[in-house]
Amino acid sequence: SFQYLVRQIWAAPRLFICGSGRSGKIGEMFGMRLVHIRKVVYIVGAPTTPSIRKGDLLITISGSGTTKLVLNCAKTAKKVGAKVMSIRLACGNSTDDHISKISDRCIILDRRLDGEKRKNYLEEKFGVKTDYFPLGSSFEISALLFLETTIGALIEGGEIHEEILKE
């Protein structure tokens with residue numbers, strides 16, 4: 001999924017990022033980094049964001065996968081022929097309104113599914129015990145680290161020098 005996301009970002013003419021609340025703030029930080037590497041990026045909800053169209057890529061960030069704003073953005077993107085990538089806790093919920101049913105691909109950051117205790121992204125990659133984080137903090141921190149790692153891969157794969165990021 002990681003390499004797929006990197007390929008999709010490079011291939012898309014325009015990127016749209018959608019998240020609500022704290023997840024939205026993580027998306028804004030990711031969008032800023034993408035602008036630094038010279039991608040065309042729009043944050044859903046910003047006053048200057050145009051309509052998404054065929055060929056664009058929507059990246060959603062949602063812990064629950066059921067946030068109305070995120071679902072509506074994903075449905076609109078699919079209707080016009082854009083691709084949808086979702087970053088979330090887990091995919092494959094039985095409810096009808098779930099981002100996994102709309103997305104072209106889901107990236108799962110939490111491995112605690114169906115009551116089975118397994119390591120999530122923070123625990124697996126960084127050895128951080130997440131039981132201490134309140135509410136959705138472990139998801140947001142995992143999403144931030146995952147997306148920063150994605151930026152690193154984009155920089156490396158695009159042979160972009162750090163000086164460009166400072167401009």
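The values are calculated or read from the model by the stated rules, or taken from the named source; none is laboratory data. All figures in this text were calculated on a predicted structure; none of them were measured in a lab. Backbone-built Cβ (ideal geometry, glycine too); neighbour counts: all protein chains shown. Note: areas computed on protein heavy atoms with side chains; ligands, DNA, RNA excluded. Shrake-Rupley method; radii C 1.70, N 1.55, O 1.52, S 1.80 Å.
What the table below lists for this structure:
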quantity	calculated
Residue count for segment 22-76, restricted to those that are closer than 13 Å to Ile87 by Cβ and not in a helix (DSSP H, G or I)	10
Output for segment 1-59, where each listed residue is open to solvent by 60 Å² or more (accessible area, probe 1.4 Å) and in contact with a Cys (Cβ under 9 Å, 6 or more places away or on another chain)	Ser1, Gly45
Options Gly92, Gly115; residue that is open to solvent by 60 Å² or more (accessible area, probe 1.4 Å), over 17 Å from the mean Cα position of the chain (by Cα), over 21 Å from Gly21 (Cβ atoms) and modelled with pLDDT under 85	Gly115
